[in-house]
Amino acid sequence: MKIQTVLISFIILVIGCQSNPKSLRDYEEVNKIFQEKEIEDLERIVDFFNESICKSEKLENTNVLDCYELYFKRMRKAEETGIVEIQIPYQEQEKLMREIDLNSFNQIWSYGKTWRKNSDTLEVVNIKYDGKYIKFLKEFGKENIKAKNYVDRFEAVGDISPSMFADVLMNYKEYDVRDERIKLLIAIHYLTQNEQYKIHEKLNSAHNNG
């Protein structure tokens with residue numbers, strides 16, 4: 001009887017491990033909302049972010065969860081220093097955004113405009129209010145409170161608000177990065193912030209030189 005019990009427990013464990021999603025395409029809502037090419041590009045985005053944070057924390061060729069842990073801890077220290085260093089190579093990020101399919105890009109991000117002091121126009125990247133990515137976050141939010149709060153706050157202001165940024169920064173332990181959907185949320189969050197910081201740098205440079 002004991003042998004049967006142990007065997008049944010082992011089988012349940014194996015089945016559980018096999019059914020545990022290993023990539024974005026293993027999640028029902030991802031397949032329901034996104035097309036195949038879009039899913040490929042979402043996975044490229046997550047892979048790029050994973051590789052970037054592992055490099056930034058000097059943890060290449062290691063468990064990516066360790067990279068997230070150190071990355072989050074370093075980012076958390078921004079509260080003490082007041083200096084936020086996302087450390088995602090901007091040129092490599094630009095290359096990624098050029099290479100993903102335009103339709104995939106347009107389901108995540110949109111361009112707005114801002115102006116330098118000398119009247120030059122700059123394009124600002126932001127999360128698209130009515131794209132498939134937001135639709136995905138709403139669906140994901142039905143089972144994940146962090147995704148729900150994130151998308152609710154975004155819809156309230158139409159941008160990544162200070163409270164959204166602070167929550168990811170301060171409460172990172174509440175974001176379970178073992179879930180590929182959370183990895184996607186974190187990747188798009190910080191890549192969007194990286195784009196916006198670059199625009200702010202250009203604006204500040206124009207102001208200082210003006």
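Note down all Cβ pairs under 9 Å where the first residue falls in segment 53-66 and is over 20 Å from ASN194 (Cα atoms), the second is acidic (Asp, Glu) and modelled with pLDDT under 95, and they're at least six residues apart or on different chains.
As it stands, the answer is ASP66/GLU57, since those pairs meet every condition given.
List the residue pairs whose Cβ atoms are under 7 Å apart, where the first residue sits in segment 90-104 and is more than 13 Å from VAL125 (Cβ to Cβ) and small (Gly, Ala, Ser), the second is assigned to a helix (DSSP H, G or I) and modelled with pLDDT of 95 or more, and the two are 6 or more positions apart or on different chains.
SER104/LYS37; SER104/GLU38; SER104/ASP41
Considering segment 2-24 alone, what residues qualify as being farther than 29 Å from GLN91 by Cβ and at pLDDT 50 or above?
Listed by number, the residues that qualify are LYS2, ILE3, GLN4, ASN20, PRO21, LYS22.
Just to be sure I understand, how many residues within segment 140-168 are of a type in the set (A, V, I, L, M), crowded, with 16+ Cβ neighbours inside 10 Å and in a helix (DSSP H, G or I)? Explain how you work it out, then say what you get.
From segment 140-168, those of a type in the set (A, V, I, L, M) are 145, 147, 151, 156-157, 160, 164, 166, 168; that's our starting set.
Going one step further and asking which of them are crowded, with 16+ Cβ neighbours inside 10 Å, we end up with 147, 151, 160, 164, 168.
Restricting the remaining residues to those that are in a helix (DSSP H, G or I) gives 147, 151, 164, 168.
Within segment 140-168, residues that are of a type in the set (A, V, I, L, M), crowded, with 16+ Cβ neighbours inside 10 Å and in a helix (DSSP H, G or I) number 4.
Results for (1) of a type in the set (Ser, Thr, Tyr); (2) more than 25 Å from GLY131 (Cβ to Cβ); (3) in a loop (DSSP other than H, G, I, E, B); (4) modelled with pLDDT of 95 or more, shown as yes or no for each residue.
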site: GLU60; (1), (2), (3), (4): no, yes, yes, no
site: MET75; (1), (2), (3), (4): no, yes, no, no
site: ILE86; (1), (2), (3), (4): no, no, yes, no
site: GLU92; (1), (2), (3), (4): no, no, no, yes
site: LEU96; (1), (2), (3), (4): no, no, no, yes
site: LYS113; (1), (2), (3), (4): no, no, no, no
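Looking only at segment 52-100, filter to residues that are buried (at least 16 other Cβ atoms within 10 Å of the Cβ) and of a type in the set (D, E, K, R); which one of those is farthest from the chain's Cα centre (by Cα)?
So, considering only residues that are buried (at least 16 other Cβ atoms within 10 Å of the Cβ) and of a type in the set (D, E, K, R), the one farthest from the chain's Cα centre (by Cα) is GLU57.
The values are calculated or read from the model by the stated rules, or taken from the named source; none is laboratory data. Treat the numbers as computed from the prediction; the structure is a model and nothing was measured. Positions of Cβ are backbone-derived with ideal geometry, glycine not excepted, and every protein chain shown enters the neighbour counts.
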